[in-house]
Structures are given as structure tokens and as C-alpha cells.
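Working notes, structure below.
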Amino acid sequence: VTLHYLRGEWQGEPGQKLDLGACLLYASAILALVYGATRLPSIVGIMLLLSGLILFSIFIRHQLSARFPVFDVQLFVGNKTFAYSSLAALLNYSATFAVTFLLSLYLQYLKGMSPQTAGSVLMAQPIVMALLSPMAGRLSDRIEPRFLATAGMVITVIGVALFSMLQPDTKPYLIVANLILLGTGFALFSSPNMNAIMGAVEKRYYGLASGTVATMRLLGQMFSMAMATVVLSLIVGRQAIVPENYDLFLRSIHTVFGISAVLCLSGVYFSWFRGALL
């Protein structure tokens, strides 16, 4: 019965062909970038990242002239709302994904919490996000999405900047309060930004737009973790986190969150100047 109702819904544009070579090139670029990030700051990791960037640039050049592109790069060139919304998503994930990772270590080492207790504290952020995201999504149908998304990004900047000032004696309730603030920022940004991306393209590009968001999320998360890993390796070094180097670990946290706040602040620009939906 389901197949009967869906018959004809899966047809693509007549005459289109899958560019298998471009698919393999794109997959190779992403694989090199992701795996290279896990090997930083080693020479192998750097070489893989450079190779991934080169392959990705070749893929983009190929797509600009392809008859049936796997990824329509012209959407980024000719659609400012789509391009800026996608970049805002990339910067948001780049600035925030490592928050949970670093805070988990901070709570366990500097605050002496068990993994279970630390996890319970960190749950404050996703719980708030889960509660507020549906409301933010519905609200973005009535209010210009860029207003809500930009407000969410600004709140996120504040939350990340506050975490860059963490100290060994910071009260747990202040950490929870800031996680609630971050959860609010994420909720206000994510759903309205997705609404803006999907509303900026024609229906035939919905699959591409959704895939773009997923790619931006993956690349942002990868960059965020790579940044945290590199900073920890450079400041703390390849050694266990022990009381003797807690000051170095704390300096690493300050550095990562400081860089993240700057990234998120640049995301505010793209979020605000993306333009209004037609």
C-alpha cells in the first residue's frame, strides 16, 4: 500500500546521471579531512588535512562545470541566504561541539566529580535545547528566522565566552546556569537556521539543502574537536592530566573557548546579514 502511494515520488529530473567520479572525489576529500583531524598534530594528520583540502577544491572546480553536479555549488554563489545560513551553521558547530568534551574533563579532574555526576551536570544543555527547539521552530514560521537565529548565536557567544573564564573554584550551579544559557542559544539558532536554509531553496533542492546542513555539522564538529586536541597537545603535551598540570589544562580550556567565542562571533555576522526570506 505504501509503495502504491509513493509511486512516482522518487523520480529525479529526466535524463540526469549520477557522476560516480565526483562522488568518489567528494568521499575521499571528506575521509581525508575527518581522519586527518583525528591524527593531529602529527605530520600524518597535517598531510591528510592538506590532501583533503586539495581534493575538496578539485571537487568544487569540477562541480562548477559539471552538467549534472552532485553538489550544486551555484547555490552558494547565487543564493546569499542559503550560503550565509550554511556558513553560520558551520561556525556554530565549530565553536560549540568541544564544549561537552572539555567540560566533562574539567568536572571530573578539577571538580572531582564522578563520570556519572559530570554527565548529569552536562545534561542541562541538551534538556533545555530539546524543550525549546520545537517552540523556536514554530516561532520562526511567524518571525523572520534570522532574528531568532542571530539572537541564539549572540547568546551562544556569551555562554562560550563565560566558559573561557572558568576557574578551579567556579561553583557548579554557575556552570549549570551557563549550560542552560548555551542550551537556549542552541535552540534559538538551530531550528530557525534550518528553517532559513530550507526556505531559501526550491523544493527540488530540499535534499541538497538537508545534505549541506549535515555536511556543515560534520565539518564543524570535526574542526571543533581537532582544535581542542591540538590546543591540549601543544599546551599540556602528551601526558595524563594530573594535579601537577591542572594549570596547563585550565589554560587549554581558556584558549579553546576563547577561539570558539571568536568563531561564534563571526557566525553572528553571517547569521544577521544573510538577508530576509522572500
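The values are calculated or read from the model by the stated rules, or taken from the named source; none is laboratory data. Treat the numbers as computed from the prediction; the structure is a model and nothing was measured. No Cβ is skipped: glycine too gets one built from the backbone with ideal geometry, and neighbour counts run over all protein chains shown. SASA here: full protein model, heavy atoms, side chains in, ligands and nucleic acids out. Shrake-Rupley method; radii C 1.70, N 1.55, O 1.52, S 1.80 Å.
How do the peptides 109-119, 22-32 rank, highest first, by the average count of neighbouring beta carbon atoms within 10 Å per residue?
22-32, 109-119
Roughly how many Å² is the accessible area per residue of segment 12-123, as a whole number, for a 1.4 Å probe?
With the other protein chains kept in place, segment 12-123 gives 53 Å² per residue.
Looking only at Cα atoms, what is the convex hull volume of segment 128-278 per residue, in Å³?
It comes to 116 Å³ per residue, whole-number rounded.
Express the carbon and sulfur contribution to the solvent-accessible surface of segment 176-278 as a percent, rounded to the nearest whole number, probe 1.4 angstrom.
Exposed carbon and sulfur together represent 68 percent of the surface.
Can you compute the helix-only [θ] at 222 nm over the chain? Use -39500 (n - 2.57) per DSSP H run of at least 4 residues, normalise by all residues, nearest 500 deg cm²/dmol.
One gets -25500 deg cm²/dmol as the mean residue ellipticity at 222 nm.
What figure, in Å² to the nearest 10, do you get for the accessible area of residue 201 with a 1.4 Å probe and non-protein molecules left out?
Here the accessible area works out near 20 Å².
Return the single residue from 50, 148, 20 with maximal mean-square fluctuation; model: Gaussian network over the chain, springs between Cα atoms under 10 Å.
Evaluated over the chain, the most mobile residue of the options is 20.
Taking 7 Å along the Cα-to-C-beta vector as the label spot, tell me the residue 239-residue 31 distance in nanometres, rounded to one decimal.
3.8 nm
In square nanometres, what is one fourth of the surface area of the convex hull spanned by the alpha carbons of segment 11-144?
Computing the convex hull of the Cα atoms and averaging its projections yields 12.8 nm².
In the set [x] 66, 48, 42; [y] 50, 44, 31; [z] 54, 49, 35, which value of Cα extents along the principal axes in Å was calculated from the structure you see?
[x]
Just how much of residue 171 is accessible, in Å², when a 1.4 Å probe is used and the result is rounded to the nearest 10?
It works out to around 110 Å².
What is the log10 of I(q)/I(0) for segment 37-99, computed with the Debye formula using one identical point scatterer on each Cα and no solvent, at q = 0.16, 0.19, 0.26, 0.29 Å⁻¹?
Debye intensities relative to I(0), on a log10 scale: -0.77, -0.95, -1.04, -1.06.
Let me cross-check residue 146: its accessible surface, 1.4 Å probe, with only protein heavy atoms counted, in Å² to the nearest 10?
40 Å²
So which residue, out of 184, 215, 150, gets the largest mean-square fluctuation from a GNM of the chain using Cα contacts under 10 Å as springs?
Fluctuation is largest for 215.
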